[in-house]
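Everything on this sheet refers to the single structure shown next.
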Amino acid sequence: QFQLVESGGGLVQPGGSLTLSCVASGFRMDVYAIGWVRQAPGKEREGVSCIGNLPESSDDNTIYSDSVKGRFTISRDNAKNTVYLQMDNLKPEDTAIYYCATEWTPRCSAQYEYSKWGQGTQVTVSP
C-alpha cells in the first residue's frame with residue numbers, strides 16, 4: 001500500500017553525475033524525513049543523506065555522511081511527492097545500490113534507522 005520507488009541509477013564514469021529520485025506512493029511524503037542509504041556487495045549499509053521536514057533553518061534538517069559531503073545534495077519537491085539526491089563528482093567507491101527510506105518522523109536520524117524502504121537503484125561508477 002505504501003511504497004517508495006527509487007530511480008535514476010546507472011553507469012557513469014568517475015567524476016560524472018547522477019540524480020536519483022525517490023517517489024512516494026500511498027502516502028504523503030511531505031511530512032516525513034526521507035533518507036538515502038547505500039549498500040555495496042559484501043559491505044554494511046551506509047547512510048548517505050537525509051532530508052527532514054523541520055524548518056529550513058534547522059541545522060539538522062539535512063544530514064550527509066562524511067564520505068559524500070560536498071559532492072551530494074539532497075532536496076525535496078513535496079508537490080511531486082519526490083526526494084532527490086544529486087550526486088556530483090562520483091567516485092568508484094560510490095558504487096552501490098541506493099535505497100530511500102523513512103521512519104515516519106519529520107526528523108532525520110543520525111543513525112539512519114528506518115522502517116520503510118524502497119527496492120533500490122543501482123549506481124555504478126567505473127571508467
Neighbour-limited loop hits for trypsin sites (Lys or Arg not before Pro), the stretch 10-64 (at most 16 other Cβ within 10 Å; DSSP other than H, G, I, E, B): Arg28, Lys43, Arg45
Cα shape, the stretch 25-81, gyration tensor, a/c 1.5 rule: oblate
Cβ-based charge dipole, the stretch 38-127, positive-most Cα from Ile97, Asn53, Gln111: Ile97
Gain in span if fully extended, Asp60 to Asn81, counting 0.36 nm per residue against the direct Cα distance: 5.5 nm
Probe 1.4 Å, accessible area per residue of the stretch 66-127, Å²: 51 Å²
Over the chain, relative contact order from alpha-carbon pairs under 8 Å, at least 6 apart, %: 37 percent
Cβ-placed point charges (K, R +1; D, E -1), dipole of the stretch 37-127 about Cα centre in debye, nearest 20: 240 debye
Asn89 versus Arg28: modelled label distance in nm, points set 7 Å from Cα along the beta carbon direction: 3.8 nm
Loop-resident sites, the stretch 30-74, for GluC sites (Glu not before Pro), counting at most 15 other Cβ within 10 Å (DSSP): Glu44, Glu56
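The values are calculated or read from the model by the stated rules, or taken from the named source; none is laboratory data. Predicted, not measured: the structure shown is a model, and the values here were computed from it. For neighbour counting, all protein chains shown are included, and Cβ atoms are generated from backbone atoms with ideal geometry for every residue, glycine included. When the accessible area is computed, the model is the full protein with side chains, heavy atoms only, and any ligands, DNA or RNA have been set aside. Shrake-Rupley method; radii C 1.70, N 1.55, O 1.52, S 1.80 Å.
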